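Please treat every number below as a calculation from the coordinates, not as lab data. All values reported here derive from a predicted model rather than from experimental measurement. With ideal geometry, Cβ positions are generated from the backbone for all residues, glycine too; neighbour counts draw on all protein chains shown.
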Amino acid sequence: MNIASVIVDVQAKSINQTFDYLIPERYVDILTTGMRVIVPFGPRKITGFVVGLKDNSEFDKLKEIIEVLDIEPVLTEELLELGKWVADDTLTMYITAYQAMLPQVLKAQYKKELVRNTDERLPEDLEFLFAGRDYISFEEFEQSSIPYSKLQKAIQETAISINYLVKSKITKKYVTFVEPNKEIYLIEESLMDLPQNATKQRELLGYFIKHPNPIEQGKLLKLTNTTRSTIKTLIEKGLLREYKQEVYRNPYDENAFERTYPLTLTEQQERAILPIKEKIEKQEHDVFLVHGVTGSGKTEIYLQAIQEVLEKGKEAIVLVPEISLTPQMVKRFKGRFGDKVAVMHSALSNGEKYDEWRKIQSKEVSVVVGARSAIFAPFENIGIIIIDEEHETTYKQEDQPRYHARDVAIKRGQYHQCPVVLGSATPTLESFARAQKGVYTLATLDKRTNEKEMPEVSIVDMREELHSGNRSMFSQVLKESIEQTIARGEQIVLLLNRRGYSTFVMCRDCGHVKECPHCDIALTYHKRNNQLKCHYCSYEEPMPNVCPECSSDSIRYFGTGTQRVEESLSQLMPHVRVIRMDVDTTRKKGAHEKLLKQFANKEADILLGTQMIAKGLDFGNVTLVGVLTADSMLHLPDFRSSEKTFQLLTQVSGRAGRHELPGQVIIQTYTPEHYSIQLSSQYDYKQFFLQEMHIRRKFRYPPYVFLALITVSHPNHVRAIQFTQRIVHYLSKVVQEETTTVLGPTPSPVTRVKDRYRYQCMIKYKNEPDLRRNIKKIINLYEEEMRKENLLITVDMQPYHLM
DNA sequence: AGCACGCCGACT
DNA sequence: GTCGGCGTGCTC
């Protein structure tokens with residue numbers, strides 16, 4: 001086995017295959033599949049993943065592997081196979097899939113440098129550029145105005161050569177420790193020799209006489225109230241010594257979590273967990289859908305199932321939507337399983353993510369709680385996979401590889417022969433339909449563990465409100481309820497369902513709306529720096545004082561942002577204390593937790609925010625939940641908009657009265673008759689499911705069909721339509737006519753982005769085994785145009801957003 | 001993708 | 001001749 005098959009780090013279709021390399025003698029015994037290597041590729045050096053070992057190659061002139069980067073493989077056999085499957089399934093390149101499975105820092109960066117090979121004089125400008133150095137970065141050359149041909153000539157004459165470097169991003173964290181450098185009695189003796197006025201040194205040595213063990217420098221400084229310079233002096237005198245030790249960054253301090261113990265399960269919980277435990281016991285794969293209302297104790301089921309798995313010496317993966325939003329969730333897992341838990345989410349720094357990943361790789365932990373990508377945790381003996389809030393759209397990755405964590409979970413569950421548990425109060429129609437068909441095993445929890453009823457929901461028709469002369473964004477009922485709640489000393493959560501709205505800028509005189517010059521979308525106003533920004537291409541311009549069209553000075557920002565709600569709230573009820581939570585106030589790291597803590601400490605009466613406050617918050621003192629505009633996302637061009645509205649309303653309702661106090665929910669809407677609003681107010685998931693399924697069937701949408709979305713983008717409007725048309729035409733010919741529909745060309749909801757026109761072709765199909773192959777064919781067909789005229793074709797199998 | 005190489009037209 | 005621009009083909 002002296003030849004390695006390598007997937008190299010080049011994102012190009014023609015490179016999407018293995019390349020064979022000779023394994024140098026020194027690596028033969030070390031190298032295994034799943035390790036990263038540095039290999040020569042043309043003139044440069046790049047990294048790659050070893051996916052296979054063999055004795056022979058069809059290629060006769062093999063190059064040698066330059067370096068092996070890992071001691072332990074970063075991808076297990078299972079993950080190598082899984083990555084291949086993900087890539088094939090989502091029509092992405094293997095290298096893209098593999099990189100998505102690993103923490104960012106394992107992805108190499110490439111650099112070029114110029115090397116001076118001769119003592120002889122170089123041409124004047126090059127000599128000047130090198131300025132006596134032997135190496136300079138390639139960028140330095142590029143920034144100079146020296147023509148490339150001059151460098152080329154020098155390279156040909158071998159006076160200069162190019163070095164291709166592979167740089168690792170990995171930074172391990174080190175902490176300095178200090179300890180005595182001599183026996184304690186010698187230290188005690190040396191105390192005598194110190195000058196009378198060396199009080200700080202005495203203090204330090206005195207500390208070590210009492211505690212002769214190594215101590216972190218930072219702690220030592222605090223404890224002894226000394227400075228680094230004193231330690232330095234003692235090190236120079238040979239009395240102390242210091243050393244650096246690698247440590248894991250610790251985003252969560254284990255000690256901060258109070259230990260919790262298994263609760264007694266209710267009868268319903270018991271019934272739900274039993275079949276899961278049975279599968280764990282028998283080591284069989286199955287998918288469970290736990291449909292449980294908010295407060296029905298789903299998490300306790302997860303915890304006890306995991307307990308079972310850990311006792312069997314196996315591992316568990318738990319996916320949660322966006323964990324930074326639910327510190328309470330982390331608390332529950334860390335509280336139960338302590339330092340057996342690794343946490344993986346987007347708010348961690350790259351270094352922290354890497355450290356958590358290494359804890360998993362080294363099996364120092366056996367539970368990982370994390371966002372989407374945690375599904376690729378390098379465990380090798382998985383006993384259960386849990387996806388909480390299964391309906392959340394964040395489980396679908398929106399850039400390549402466009403995988404859905406649920407699909408990957410099931411794939412891994414099959415491999416490990418372990419159960420996969422999907423939990424939600426409002427399952428996706430896809431999952432619930434599968435449960436109905438018996439593909440998944442359904443467990444229903446319709447009772448809350450505290451036996452409390454779900455809070456009463458009242459719907460307020462904002463049209464009537466308007467008719468009766470109330471033009472504010474607070475209905476009379478909501479206003480009164482807020483006042484009463486505050487009077488009782490209880491708290492309120494106000495949700496501004498803002499998606500679809502944003503703070504766009506419009507001229508009140510001529511109606512002119514400021515749009516991005518590169519995209520077909522209104523610019524968004526940012527109060528912080530008084531700038532207008534495009535959310536698609538990051539274009540920015542200052543907020544104009546007068547309308548660029550009619551020069552009127554009545555140009556204003558519109559839309560119900562949280563800021564405006566806050567302002568009008570303080571006008572209406574000046575005494576009320578409000579905490580506002582939105583992208584602006586939570587941008588800083590830890591700001592999120594801080595705001596929630598303040599609210600929990602009752603430093604405010606109202607928590608006002610967007611979607612992010614709807615999820616997983618649990619405050620005992622909140623008894624009123626208000627939804628300001630329930631229907632604002634109901635009319636988006638998205639076949640899931642009803643489902644999403646139902647989910648959001650149900651979820652936010654669950655925030656009221658979770659503990660002793662009874663809760664109340666007020667939903668303001670302009671379409672009170674809409675079934676997703678009506679049924680969510682009655683907590684009737686089943687009826688919603690039936691009604692929505694009816695509509696999905698009528699209009700042929702999932703789960704009745706599968707979707708595939710091909711988006712074509714081109715700088716030229718007509719060409720974009722032309723290519724889409726051709727794709728539609730080609731596909732229509734090759735698919736099964738009776739059950740498959742090929743739609744298009746349809747302009748994408750945002751037709752122009754970054755000066756490119758976007759059109760799409762949607763495929764609705766039931767059974768189309770060759771679809772991926774056919775789409776691949778199309779892409780290959782247009783390869784030339786993609787290179788020559790900047791045509792771009794992206795494919796999303798099972799799209800979530802039809803953008 | 002990203003690099004080398006080769007051809008071509010424009011420029012001093 | 002020198003420079004930059006662009007098209008082509010290759011990477012084990």
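Using alpha carbon centroids, what distance separates the range A:595-672 and the range A:219-258, in Å?
For the range A:595-672 versus the range A:219-258, the Cα centre distance is 46 Å.
In debye, nearest 20: dipole of the range A:3-107 around its Cα centre with unit charges on the Cβ of K, R (+) and D, E (-)?
About 500 debye.
How many angstrom lie between the C-alpha centres of the range A:681-739 and the range A:302-321?
That distance is 37 Å.
Under a 5 Å amide H to amide H cut-off, with H placed in plane at 1.01 Å, what residues pair with A:S296 once short-range neighbours are removed?
HN-HN under 5 Å from A:S296: A:T449.
Over the range A:340-490, with a single point scatterer placed on each C-alpha, what log10 of the ratio I(q)/I(0) does the Debye formula yield at q = 0.09, 0.21 1/Å?
Rounded to two decimals, the profile gives -0.51, -1.31.
Compare the Cα positions of A:H526, A:Q304, A:S362 along the charge dipole of chain A (+1 at Cβ of Lys, Arg; -1 at Cβ of Asp, Glu; about the Cα centre) and return the one farthest towards the positive end.
Farthest along the dipole direction, towards plus: A:H526.
Need one number: convex hull volume per residue for the range A:54-212, Cα atoms only, in Å³.
That works out to 345 Å³ per residue.
Toward the positive end of the charge dipole of the range A:254-445, about the Cα centre and with charges on Cβ (Lys, Arg +1; Asp, Glu -1), which of A:I387, A:Q283, A:L319 goes farthest?
Towards the positive end, the residue furthest out is A:Q283.
With unit charges on the beta carbon (Lys/Arg positive, Asp/Glu negative), name the residue among A:Q245, A:V166, A:M473 whose Cα is farthest towards the positive pole of the charge dipole of chain A.
A:M473
For chain A, calculate the relative contact order in percent as a whole number, restricting contacts to Cα pairs under 8 Å that are 6 or more residues apart.
Value for chain A: 9 percent.
Tell me, what ³J(HN,Hα) does each residue in the range A:686-701 have, in order and in whole Hz, if you take phi through Karplus 6.51 cos²θ - 1.76 cosθ + 1.60 with θ = phi - 60° and put x for Gly and Pro?
4, 5, 4, 4, 4, 5, 5, 4, 4, 5, 4, 5, 4, 9, 6, 10
When the convex hull of the Cα atoms of the range A:529-667 is projected onto a plane and the area is averaged over all directions, what value comes out in nm²?
11.2 nm²
Tell me, what ³J(HN,Hα) does each residue in the range A:618-628 have, in order and in whole Hz, if you take phi through Karplus 6.51 cos²θ - 1.76 cosθ + 1.60 with θ = phi - 60° and put x for Gly and Pro?
9, 10, x, 8, 7, 10, 10, 10, x, 10, 6
Using Cα positions and a limit of under 14 Å, work out the aspartates and glutamates in reach of A:K363, with same-chain residues fewer than 8 apart set aside.
A:E72, A:E315, A:D339, A:D355, A:E380
Give me the net charge for the shell around A:A604: Cβ to Cβ below 13 angstrom, other residues only, Lys and Arg +1, Asp and Glu -1.
+1
In whole Å, what are the Cα extents of the range A:115-173 along the three principal axes, biggest one first?
Dimensions of the range A:115-173 along the principal axes of its Cα atoms: 44, 23, 20 Å.
Which of the three applies to the range A:254-445, rounded, prolate or oblate, going by the alpha-carbon gyration tensor with a ≥ b ≥ c and a/c under 1.5 meaning rounded?
rounded
For the cross-link pairs A:K331/A:K597; A:K244/A:K353; A:K277/A:K298, which exceed 19 Å when the distance is taken from alpha carbon to alpha carbon?
In this structure, A:K244/A:K353 exceed 19 Å between Cα atoms.
In whole Å, how far is the Cα centre of the range A:52-126 from that of the range A:527-573?
47 Å
Past 31 Å, Cα to Cα: identify those pairs from A:K45/A:K396; A:K13/A:K111; A:K173/A:K754, in the order given.
Too far apart for the 31 Å limit: A:K45/A:K396; A:K173/A:K754.
Near the amide H of A:D20, under 5 Å away, which other amide H atoms are found, from residues 5 or more places off or on another chain, if H is placed in the peptide plane?
A:V6
Over the range A:157-278, what number does the Rg to Rh ratio reach, with both radii from the alpha-carbon atoms and Rh per Kirkwood?
Radius of gyration relative to Kirkwood radius: 1.34.
Full-extension gain between A:L274 and A:L69, please, as 0.36 nm times their residue separation minus the C-alpha to C-alpha distance.
Result for the pair: 69.3 nm of gain on full extension.
For the range A:706-796, report the convex hull volume of the alpha-carbon atoms normalised per residue, in Å³, without decimals.
80 Å³
Distance cut-off 32 Å, Cα to Cα: go down the list A:K359/A:K533; A:K84/A:K437; A:K112/A:K340; A:K63/A:K340 and report the pairs above it.
Correct reply: A:K359/A:K533; A:K112/A:K340; A:K63/A:K340.
Suppose every Lys and Arg Cβ carries +1 and every Asp and Glu Cβ carries -1, with no other charges. What dipole size does chain A come out with about its Cα centre, to the nearest 20 debye?
Charge dipole, chain A, about its Cα centre: 600 debye, nearest 20.
Applying the Karplus parametrisation 6.51 cos²θ - 1.76 cosθ + 1.60 with θ = phi - 60° to the phi angles of the range A:200-216, what ³J(HN,Hα) value in whole Hz is obtained for each residue in order, glycine and proline being reported as x?
Calculated HN-Hα couplings, in order: 5, 5, 4, 4, 4, 5, x, 4, 6, 5, 6, 10, x, 7, x, 9, 4 Hz.
Per residue of chain A, what 222 nm ellipticity follows from adding -39500 (n - 2.57) for every DSSP H run with n ≥ 4, rounded to the nearest 500?
Calculated mean residue ellipticity at 222 nm is -10000 deg cm²/dmol.
If you take the C-alpha gyration tensor of chain A, multiply each eigenvalue by 5 and take the square root, what semi-axes do you get, largest first, in whole Å?
Equivalent ellipsoid of chain A: 47, 40, 32 Å, largest first.
Only four residue types carry charge here, +1 at the Cβ of Lys and Arg and -1 at the Cβ of Asp and Glu. Report the dipole size of the range A:89-247 about the Cα centre in Debye, rounded to the nearest 20.
With only Lys, Arg, Asp and Glu charged at Cβ, the dipole is about 640 debye.
What is the P(r) of the range A:3-107, as percent of Cα-Cα pairs per 5 Å bin from 0?
Once binned at 5 Å, the Cα pair distances of the range A:3-107 give 2, 13, 25, 26, 20, 10, 3, 0.
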